[in-house]
Amino acid sequence: MTNAPARKALVVFDGAHCERLRKAFGSRFPFLALIEKFGEPISASIYFHDARDEAEAGRLDRLYGYLKHINVEVAGVGPEKMEQGQRERYGTNLVELALETERRAASTDHVILVAGDRKLLPLVLALRESGKSVTIVSSLEVPQSIRPATALLDAADQFLDVTDLLADENNGRHDH
């Protein structure tokens, strides 16, 4: 009997969405709990967020250090590279996130996407069409403006509510 190769996962964080969830719950986002949740080898974990000004960059420094410590890549640009003019409202370049996710998903079986923006629906549909399993991670226990779009949830294979990860941490099932 041959063993099937282990599924590999790609974990992608929309940093602005993580920040909104953190504020809604008044608790840090459970990055490590999520990465460990599925028990699959992780090909990469990437956190996308653009720092729009020096003040925001300063606020993000500690988080970026922690993410690097737990082997999460940080993608996006700092204020020195932001062009004048219109910027993404919530601090994540969703086009960059989608393109990089699709590129890196080629070598994975499962994409775990921490996001909720309906603009990511074409990405989820393309991943599914290419045979990838997609999990959306967000919460339904937050204000409507933060909840993931219904169409995004309908297109994904599964949904994981952040409240489950926070409960796991609070019940001692996850050690740092």
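A dipole drawn for region 9-172 from +1 and -1 charges on Cβ atoms has a positive end, and of 24, 123, 140 the residue lying farthest that way is 24. The alpha-carbon positions of region 11-64 define a convex hull whose volume is 87 Å³ per residue.
Among residues other than residue 160 with Cβ under 12 Å from its Cβ, the summed charge is -3 (Lys and Arg +1, Asp and Glu -1).
Here region 9-172 is treated with +1 on each Lys and Arg Cβ and -1 on each Asp and Glu Cβ, and its dipole about the Cα centre works out to around 220 debye. Annotation for region 95-176: GluC sites (Glu not before Pro) lying in DSSP loop with at most 15 further Cβ atoms inside 10 Å of their Cβ are 141.
From largest to smallest, the equivalent ellipsoid semi-axes obtained for region 9-172 from the alpha-carbon gyration tensor read 22, 19, 16 Å.
Computed from backbone phi, the HN-Hα couplings of region 31-38 come to 4, 5, 4, 5, 4, 8, 4, 8 Hz, rounded to whole numbers (Karplus: 6.51 cos²θ - 1.76 cosθ + 1.60, θ = phi - 60°; Gly and Pro given as x).
Between residue 150 and residue 103, the contour length at 0.36 nm per residue exceeds the alpha carbon distance by 14.4 nm.
For residue 75, the residues 5 or more places off, or on other chains, whose built amide H falls under 5 Å of its own are 47, 48, 49.
Report the net charge of residues surrounding residue 149, where surrounding means a beta-carbon distance below 12 angstrom and charges are Lys +1, Arg +1, Asp -1, Glu -1.
Counting the neighbours of residue 149, the net charge comes to +1.
Electrostatic bookkeeping for residue 73 treats Lys and Arg as +1 and Asp and Glu as -1; over the other residues with beta carbon under 15 Å from its beta carbon, the sum is -1. Partners of residue 132 within straight-line reach, counting lysines whose Cα lies under 20 Å from its Cα and excluding those fewer than 8 residues away in the same chain: 8, 37, 119. Put simply, when 148-154, 131-137 are sorted by average Cβ atoms within 10 angstrom per residue, most first, you get 131-137, 148-154.
Bear in mind that the values in this text are calculations on the coordinates, not laboratory data. Only a predicted model underlies this, so the values are computations on that prediction, with no experimental measurement involved. Cβ coordinates were reconstructed from backbone atoms using ideal geometry, including for glycine residues, and neighbour counts include every protein chain displayed.
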